[in-house]
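Working notes, beginning with the structure itself.
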Amino acid sequence: MCGIVGAVAQRDVAPILIEGLKRLEYRGYDSAGIAVVTPQAGIRRARVAGKVRALEEALESDPHPGGLGIAHTRWATHGEPSVANAHPHVCRDAIALVHNGIIENHDKLRAAQQAAGHAFHSQTDTEVVVNRVHDYVTAGEDLLAAVQHTIAELEGAYALAVVSREDSERLIVARRGSPLVIGLGIGENFVASDVFALLPVTNRFIFLEEGDVAEVTRESVRIFDENGVSVTRSESLSELSADAAEKSGYRHFMLKEIFTQARAVAETLEGRLENGTVVDDAFGHAAADVFEQVRSVTIVACGTSYHAGLVARYWMEGLAGVPCNVEVASEFRYRKPVVTDGSLFVTISQSGETADTLAALRQATKWGYAHTLAICNVPESSLTRESELVLMTRAGPEIGVASTKAFTTQLVALMLLVVALGKRRALTAEQERTLVAELESLPGKINSVLELNDQIGELAQEFAHKHHSLYLGRGSMYPIAMVGALKLKEISYIHAESYPAGELKHGPLALVDEDMPVIAVAPANDLVEKLKSNLEEVRARGGNLYIFADSAVEVTRQPGITVLNVTSVADAIAPIVYTIPLQLFAYHVAVLKGADVDQPRNLAKSVTVE
């Protein structure tokens, strides 16, 4: 969601801040702003509604030189997208602040501040924070103490970066519920909500923990925990390169990420398979002991990660023989589940900072889940730090909002978990070797599907002017149909719904006519004949069918039935492989419609607020 960048240096920081904001554009935003502090000019601020490029142009015509600054890209929560609601927010030209998160008690604070004489200039919840910091500073508090006292009054989630007109050498940051990282330089230091923002200037990072407050100067970083006690947080070296977030010749990040999935999957598997078995230590040193105790699994996630969990349920029960429940994190955290003995609580998140998933993890330990496991793409994230066991997907940076390689690598990670648990339950040694061999074949299978790109692009031309579509699948392919529908609607804005094919006659069939295209995924599995019968129901009612089918599946091509043959693949890994053509299909439709593929309207990459 919102992006934060800050810097304190001996050089002008505005170019660093702007570059950082550009690298955070993938998170989704609707306005951008910057504030720079100098001893001579105090706080100078520029804000725009729209893209970072507009902010950069504003600074080209009116430069803001200075060695201390903060910048922000905003995804609107409280208040419409506008210049007035854009960050940084400033109180009486003395304190400037940027904020990611939601202040839940802002109404109460606003009322008290209005009564005390504060005038409000925005509709945001953030303005109450900068006003309160100003009040404490005016009362004689040091800026660090003012921020510490202010956050003690806040309810909700926040990542904050605060500067003062009276101190051009110091930046104060704080976090609770929203990520924040400190980048370490030589004679300069930086802060950001994501390491990608700072890769051009450093690869050394400190990840703040829940409740931390930090004082950042050019030469030092002091960190205090939620109790105000000085603490030391470990330094990490990032292995990401500065060009990791580049398009590398592809038209869009999404296309690049689709075409790098074979390599990403290979990275996920690297070192986790040995002599036809899954290495338990890939999940953590205590994994073997934990897996012996597991009697059931609960998977909790949001968005596309939730769909990965739905696929895993078929695998977990059908292959491993382990009962499995899958929950949407935003709903799970507000109900009271019945927790059985030996239950493994699995969270899935690309960023590891998804607010609802994190909250569910924290609640799970209170409810009595025996063990926790995180499947994640960001090793330094809150989710990985707070989980007992961790399996990194190693997908690399995913910039496009529509999840592609993050999803397929999550599926691979989940299959590794299924095999690890299954070999202790229902899987024979031979079945395990077969599944491992199928996983090892995945990169080649994915590359074979990517060769269908041109054919899929031609197929997409028939959808450029459509307004609705249905996606169908059966068994473990039903969640893949859900993913396909989600990809289409989130980047092309075509309304798409997914159903188990057997549910057609229970209502959705009423929607089928010549203007309602139906997309189906049809691998060669035990349900394919039943799926074909369901598709006949569609064709009998004048519906146009578009079928992604295994070449071994006999589907007659005729007017109204378009078939695109997908490489033959074993049933167990079919959900992973069949995801690829649906991604390409959604991508090409969106391009034809002229949509912003990488940054679809109203959406954010990382949902760090509830």
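The values are calculated or read from the model by the stated rules, or taken from the named source; none is laboratory data. Remember, predicted model here, so these are calculated numbers, not experimental data. Heads up, the Cβs are rebuilt from the backbone with ideal geometry, glycines too, and the neighbour counts pull from every protein chain shown. The area values use the complete protein model at the heavy-atom level, side chains included, leaving out ligands, DNA and RNA. Shrake-Rupley method; radii C 1.70, N 1.55, O 1.52, S 1.80 Å.
Relative contact order of region 365-410: 33 percent, from C-alpha pairs under 8 Å at least 6 residues apart in sequence. Using the Cβ-Cβ distance between ARG251 and GLU274 with R0 = 60 Å, the FRET efficiency computed as 1/(1 + (r/R0)^6) comes to roughly 0.95.
Extension gain for VAL231-GLN558 works out to 110.7 nm (0.36 nm per residue, less the C-alpha to C-alpha distance). In region 379-423, the portion of solvent-accessible area held by carbon and sulfur atoms comes to 50 percent [1.4 Å probe, whole percent, DNA, RNA and ligands not counted]. Working from Cα pairs under 8 Å separated by at least six residues, relative contact order for region 431-503 is 27 percent. Residues in region 72-216 average 33 Å² of solvent-accessible surface per residue, probe 1.4 Å, ligands and nucleic acids excluded.
Measuring nothing but how far apart in sequence close Cα pairs (under 8 Å, 6+ apart) lie, relative to its length, region 80-204 scores a relative contact order of 24 percent. For region 268-306 versus region 308-344, the inter-centroid distance based on Cα atoms is 14 Å.
A crude spin-label estimate for the pair GLU239 and ARG335, with each label 7 Å from Cα along the Cβ direction, gives 3.9 nm. Across all directions, the shadow cast by the convex hull of the chain built on its C-alpha atoms averages 27.9 square nanometres. Enumerate the residues in region 545-576 having an amide nitrogen under 11 Å from the point lying 7 Å beyond the Cα of SER441 toward its Cβ. Correct set: 568-574.
Using a Förster radius of 22 Å, what is the FRET efficiency between ALA426 and ASP289 based on their Cβ-Cβ separation? Nearest 0.05, please. Don't jump to the answer; show the numbers that get you there.
Details: r = 20 Å, r/R0 = 0.91.
Efficiency at R0 = 22 Å is approximately 0.65.
Helix-only arithmetic for the chain: the sum of -39500 (n - 2.57) across DSSP H runs with n ≥ 4, divided by the residue total, places the mean residue ellipticity at 222 nm at -10000 deg cm²/dmol.
Compute the separation of the alpha-carbon centres of region 169-183 and region 70-90 and state it in Å as a whole number. Region 169-183 and region 70-90 have Cα centres spaced 18 Å from each other.
Taking 20 Å as the straight-line reach from the Cα of LYS108, the aspartates and glutamates in range (excluding those fewer than 8 positions away in the same chain) are ASP125, GLU127, ASP135, GLU153, GLU155, GLU610.
Taking 0.36 nm per residue of separation and subtracting the Cα-Cα distance, full extension of the segment from ILE186 to ARG601 would add 145.5 nm. Full extension of the chain between ARG263 and GLU458 yields a length gain of 67.6 nm, computed as 0.36 nm times the residue separation minus the alpha carbon distance. For the chain, the share of DSSP beta bridges that are antiparallel, to the nearest 5, is 60%. Screening the chain for DSSP H helices whose Cα atoms reach 15 Å or more along their own axis and whose mean Kyte hydropathy is at least 0.5 gives 405-422, 477-492, 574-592. The order of the peptides 321-334, 402-415 by mean Cβ neighbours within 10 Å, most packed first, is 402-415, 321-334.
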